[in-house]
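The values are calculated or read from the model by the stated rules, or taken from the named source; none is laboratory data. Just so we're clear, the structure is a prediction, and the values are computed from it rather than from any experiment. Neighbour counts are summed over all protein chains in view; Cβ atoms, including those assigned to glycine, are modelled from backbone coordinates with ideal geometry. Accessible surface is based on the protein model in full, side chains and every heavy atom, while ligands, DNA and RNA are left aside. Shrake-Rupley method; radii C 1.70, N 1.55, O 1.52, S 1.80 Å.
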Amino acid sequence: MAENQKYILMIDGAPVEVNREIYIEYHRMDRRDRYLEERDLAHGKTLYSNLDTVELLGEEMIPDSNAVNPEDAAIACILHEKLHQCLDLLSEGDRQLIDALYFQDKSERDYAKKVGISQKGVNKRRHAALAKLKIFMKD
């Protein structure tokens, strides 16, 4: 007799006959959704869509953590220009060293092989060049 039982779900306002497994799973999922909504309500949680107004969606009120602050972008641009002006004040050798190590991502070892000096020598030149840049950037 249980085999002849029909399982009906209302989908978009229309009755749809389904098998027993789908019927049980549908109601299990429905109950889970209601449980989560009840739990959120009990803990004072709300949806951003509840903050919607005629002019603005609630989701638009969420600050974008990836957005660049205009003030920070302006400062970065100024520092970038100043850095390149200060790089022009370095000697040709120091400028090539800084360019290779910081703009071309070469290692000290690779640069040392290229110019024919020791890695330790490149390291000393790098520190000296950075010290000069620091002085130029302060001015």
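A few comments on the model shown:
- At q = 0.17 Å⁻¹ the log10 of I(q)/I(0) for the chain amounts to -1.05, computed by Debye summation with a single uniform scatterer per C-alpha, solvent ignored.
- Whole-number accessible area per residue in Å² for the chain, which is evaluated in the context of all protein chains at 1.4 Å: 83 Å²
- GNM flexibility winner over the chain from Asp40, Asp12, Asp64 (Cα, springs under 10 Å): Asp12
- Sites Glu81 and Leu56, calculated FRET efficiency, Cβ-Cβ separation with R0 41 Å, nearest 0.05: 0.65
- Region 43-124 - percent of accessible surface contributed by carbon and sulfur, probe 1.4 Å: 55 percent
- DSSP-loop trypsin sites (Lys or Arg not before Pro) across region 33-139, with at most 14 other Cβ within 10 angstrom: Lys45
- When the chain is described by a simple charge dipole with +1 on each Lys and Arg Cβ and -1 on each Asp and Glu Cβ, the residue from His80, Ile22, Gly121 located farthest towards its positive end is Gly121.
- For the chain, built as a Gaussian network whose Cα springs stay under 10 Å, the top-fluctuating residue of Ile24, Ile78, Ile98: Ile24
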